[in-house]
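J.: If you scroll down you'll find the structure; I have some questions about it.
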Ligand SMILES: [Zn+2]
């Protein structure tokens, strides 16, 4: 079903989700684009007398989280807890107003995943098959395609992933890759048999057909989904072997749900977590007979999962299928794909320090439509648009009108008939329709046209040349216009319009208030937003790619001059010497160093070396090693301790 005109009826009940951010890194601006698009739609719904709930969660399972935790020497649970806090803090900066934000690593998600799996079992949709998979013998784990690199069998390009070539775009099976290497251990994987669990997607072809007919979807997405559906629908592999961070499959041993099975179930789990806290049954929200419309906002890269796997899985469960899936394109920065390696990735927290996040919300809204198109964040255009639209047009109405009202003790007068206000009021239906159909750029354009007309009205009526009562009348009309424009803009820039409503001494401000009169008494106007200067992005990501670090990253390493006060052999260790170091203020440290082949313990006493003093202590078989001493080495086995020049003292910081 394609998008039709906005439903006119009020008091709808809606559940809205956006794609769950993955819990192995911080959010970038692409995440914020999706969050802002979704948040504007949710705020619009609530401001239009509907009940709209907004659920999200961190997507926590799978190999990347497991490996990231290993790399950081923490448990996956510790990692996902830290990342979830970071994600929530960042969304807050951009004023993303979730009803509930949860985690897929939760009791609710475990029980709903098991429940949905059981329904699939009961409906004869689950089977087992033996498959060949590459196995890393060093890490003792099966490798998915993204953890294997090798030479492309078609064009010979090196360093290509297991499922496709980035150079010639060939798609191949991982067994055809030449010289495959595990990216985890660097070893050559072997091919090994393993039994996997499959969900019978082809059996759901008819249900999916009717899903495509009855769901709100964009045309290119419907076409793509139909193509997949009619093409080569295969059974879906929903299990992964241990070691895996996820939920163990009930009734199976060492088999875990594939992260893409329980990730979307996380939407329902987040709703359930909130429902429990509010004494509401999850069935009321998401049961088959629920009155709630369910809308998913996602990026185009995951339409396959949301358009096929997800409804197929839900179809045989006790949960309701989506009412609509709304797909957006990717974010580009100054015309280029956001990519860390090209230096065009920027983290959302970092950007919030450079610009007021509200202004990014406005910029995104001014460019968002309901098509599956990429959106470009052009930084010069951004500065120009904020200065021209928000500062120069919209807020300018308030700042220039307030001075006349101030002379009247901040009292407005009853406006007489105004064709300007009539016009702004009569545009309400159009604005609502643009919001409903996610054509935010059209809404913004129309709102700015009305701001232009208001400024024109002020210019033509020259209140600065008039007697007080006449200038107050002109300004009262201008401020009523400003009030209605603020209500229209409220879902897009909630903080800025909050300041506007404080100035106008008004509180409710739903779309129903369009056309209503303001209180007579308003407040002093305080500047709400300053003009933006040219934005210069930090170049750190570029440096990272070239293996260059910045000064702060270097400063994280605490290097100290240390004096060896005792060196001794370690029984049972061929390569190690045990060093006792004096590090001035930091006291004494014990370090095990692999330098036995090059140094006699007796030659080392009193020698000054450089210690990495804040390296995490490591428990070894022979005792605790509290840091690392620096040495260079060559291919022939030579090892050379690094020493400071004479005069350096133990405990001094190397910087
Ligand atoms: Zn190739």
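J.: Under 1.5 on a/c is rounded, so check that first for segment 603-655, then, if it is not, pick prolate when a/b is larger than b/c and oblate when it is not; a ≥ b ≥ c are the square roots of the alpha carbon gyration tensor eigenvalues. Spell out each step's value before the answer.
T.: Numbers: a/c = 1.77, a/b = 1.13, b/c = 1.57.
It comes out oblate by the Cα gyration axes.
J.: Rounding to the nearest 10 and keeping the result within 0 to 90°, find how far the Cα-based axis of helix 494-504 lies from the longest principal axis of the chain.
T.: The angle comes out at about 40 degrees.
J.: Using the alpha-carbon centroid of each, what span in Å lies between segment 207-282 and segment 587-641?
T.: Using only Cα atoms to place each centre, the spacing works out to 52 Å.
J.: In percent, how large is the relative contact order of the chain, given Cα pairs closer than 8 Å and 6 or more residues apart?
T.: 12 percent
J.: Report, largest value first, the span of the C-alpha coordinates of segment 417-567 along each principal axis, in whole Å.
T.: Projected onto the principal axes, the Cα atoms of segment 417-567 cover 93, 40, 29 Å.
J.: Note the full-extension length gain between residue 495 and residue 194 as 0.36 nm times their separation in residues minus their Cα-Cα distance, in nm to one decimal.
T.: Working it through step by step, the gained length comes to 102.9 nm.
J.: Continuing with the same structure: Let a ≥ b ≥ c be the square roots of the eigenvalues of the Cα gyration tensor of the chain; is it rounded (a/c under 1.5), or, if not, prolate (a/b larger than b/c) or oblate?
T.: Here the chain falls in the oblate category.
J.: How many nm is it between the label spots at residue 248 and residue 573, if each spot is 7 Å from the Cα in line with the beta carbon?
T.: 3.6 nm
J.: Oh, and also: More than 22 Å apart: what percent of Cα pairs in segment 304-397 qualify?
T.: 48 percent
J.: Show me 308-314, 468-474, 153-159 ranked by packing, highest mean number of other Cβ atoms within 10 Å first.
T.: Per-residue mean Cβ counts within 10 Å order the peptides as 308-314, 468-474, 153-159.
J.: Treating the angle as unsigned and between 0 and 90°, give the value, to the nearest 10°, between the Cα long axis of helix 219-230 and the longest Cα principal axis of the chain.
T.: With both axes taken from Cα atoms, the answer is about 50 degrees.
J.: I would also like to ask the following. Relative to the longest principal axis of the chain, what angle (0 to 90°, nearest 10) does the C-alpha long axis of helix 205-214 take?
T.: Roughly 30 degrees between the two axes.
J.: Please give the FRET efficiency for residue 555 paired with residue 158, using the beta carbon to beta carbon distance and R0 = 35 Å, rounded to the nearest 0.05.
T.: Efficiency for this residue pair is about 0.45.
J.: Using alpha carbons only, how many angstrom separate the centre of segment 368-431 from the centre of segment 134-160?
T.: 56 Å
J.: Which order do peptides 599-610, 426-437 fall in by mean Cβ count within 10 Å, highest first?
T.: Final packing ranking: 426-437, 599-610.
J.: Along Cα→Cβ, 7 Å out, is where each label goes; now give me the distance between the ones at residue 462 and residue 291 in nm to one decimal.
T.: According to this spin-label approximation, the distance is 5.9 nm.
J.: Give me the one-decimal nm value for the distance between modelled label points at residue 417 and residue 628, 7 Å along each residue's Cα-to-Cβ direction.
T.: Placing both labels 7 Å along Cα→Cβ, they lie 8.2 nm apart.
J.: How do the peptides 17-23, 83-89 rank, highest first, by the average count of neighbouring beta carbon atoms within 10 Å per residue?
T.: With the highest mean Cβ count within 10 Å placed first, the list reads 17-23, 83-89.
J.: Right, another one. Among bridges DSSP assigns within the chain, what percent are antiparallel (round to 5)?
T.: 70 percent
J.: Under the classification rounded if a/c is under 1.5, otherwise prolate if a/b is larger than b/c and oblate if not, where does segment 364-489 fall, given a ≥ b ≥ c as square roots of the Cα gyration tensor eigenvalues?
T.: Prolate, because a/c is 1.5 or more and a/b exceeds b/c.
Quick note: the coordinates plus some simple rules give every number you see, no bench work behind them. Only a predicted model underlies this, so the values are computations on that prediction, with no experimental measurement involved. For neighbour counting, all protein chains shown are included, and Cβ atoms are generated from backbone atoms with ideal geometry for every residue, glycine included.
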